[in-house]
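Engineer: Structure below; questions to follow.
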Amino acid sequence: MLKSMTGFGRAEKKVGDKTFLVDIKSLNGKQFELQLKLPAFLKPYEFDVRSLLSEKLIRGSVDCMISLKETGNAKPVTINTELAKAYYKPLAELSAELNLDPSHILSTLVKLPEVITPSSDTLTDMEWAEFQKVLQLAIDNLNAHRLDEGRSLEEDLAVRINNILIQQEEVIKLEPLRQQKIREGLTKLLNENVGKENYDPNRLEQELIYYIEKIDLSEEQVRLKNHCEYFKSLLADSEESKGKKLSFILQEIGREINTTGSKAYDSSIQKCVVQMKDELEKAKEQVLNVL
């Protein structure tokens, strides 16, 4: 079972006289990275919100926006007079310089950030407990989306690994023919350039055995198959976060494919290696999205 890092979750619920809307979007990322936007009266709980998101989402680039959709009864407000005065001076100077009517400066001042703020917007303990349920619901919706995306990723990755195994079986079939072609080619070369009567056949046989053993592909094929089978078993594992593990296994698969290519000296096997590399690159792209 795979879970993607990509997903979206939303939850909306009335808590006391407030209606909260929570939107969470997640994309792939190496670690857990969070961009959090929340109302001022939730600032005291920011650490708790971040901890909950980190614990439940584990990894990915996460964008969470918490907004107050509507409120009930009107709340008293506070006017930050010092900030308003700081805004007023440059506005008045600009107004005079441009010969504008200064009577509209006040209406502009009250719209500037932090000049007017709610004075009693806080959450009670009960409201905070209820809000956590809203946040958890948005997280659950996002994780459900992640699971849906993960199923598609799992199917595609399984296809890629099976395609690599198909090419690997073809390499195993071609290996005996390759050894025979190498033996015949070297013998022919010696006969044409040295003459059959001018070299020791027994020594030639010994050298051929040594050379063929050096470029033997059997160990690489055994390890390649084991890595692929381990990858497939990990796909089916119930572990929630395994994207990094899968990525490490793909690196090992790539190492065996590259070694096979460097030792092949055979056009038919090289074609198989190219096909395996193509499937491997597609798998690597997909694994980047796995949690």
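The values are calculated or read from the model by the stated rules, or taken from the named source; none is laboratory data. Owing to the predicted nature of the structure, the values given are computational and were not obtained by experimental measurement. Glycine also receives a Cβ, built like all others from the backbone with ideal geometry; neighbour counts cover every protein chain displayed.
Engineer: Restricting to segment 26-41, what's the tally of residues that are touching a residue at least 40 places away in the same chain (Cβ under 8 Å) and either assigned to a strand (DSSP E or B) or touching a Lys or Arg at 6+ places or on another chain (Cβ under 6 Å) (or both)?
Structural biologist: Final tally of qualifying residues: 1.
Engineer: Still on this structure, I have one more. In a loop (DSSP other than H, G, I, E, B), farther than 20 Å from Leu42 by Cβ, modelled with pLDDT under 80 and not assigned by TED's automatic domain parsing to the domain that holds Gly29 - does that describe any residue in segment 115-131?
Structural biologist: yes
Engineer: Which residues, counting only those in segment 78-106, are closer than 27 Å to Phe41 by Cβ, modelled with pLDDT of 75 or more and among the aliphatic types (A, V, I, L, M)?
Structural biologist: Across segment 78-106, the qualifying residues are Leu83, Ala84, Ala86.
Engineer: Shifting gears a bit: Does Ser267 meet the test of being closer than 30 Å to Asn143 by Cα, among the small types (Gly, Ala, Ser) and at pLDDT below 85?
Structural biologist: Judged against the criteria, Ser267 is not a match.
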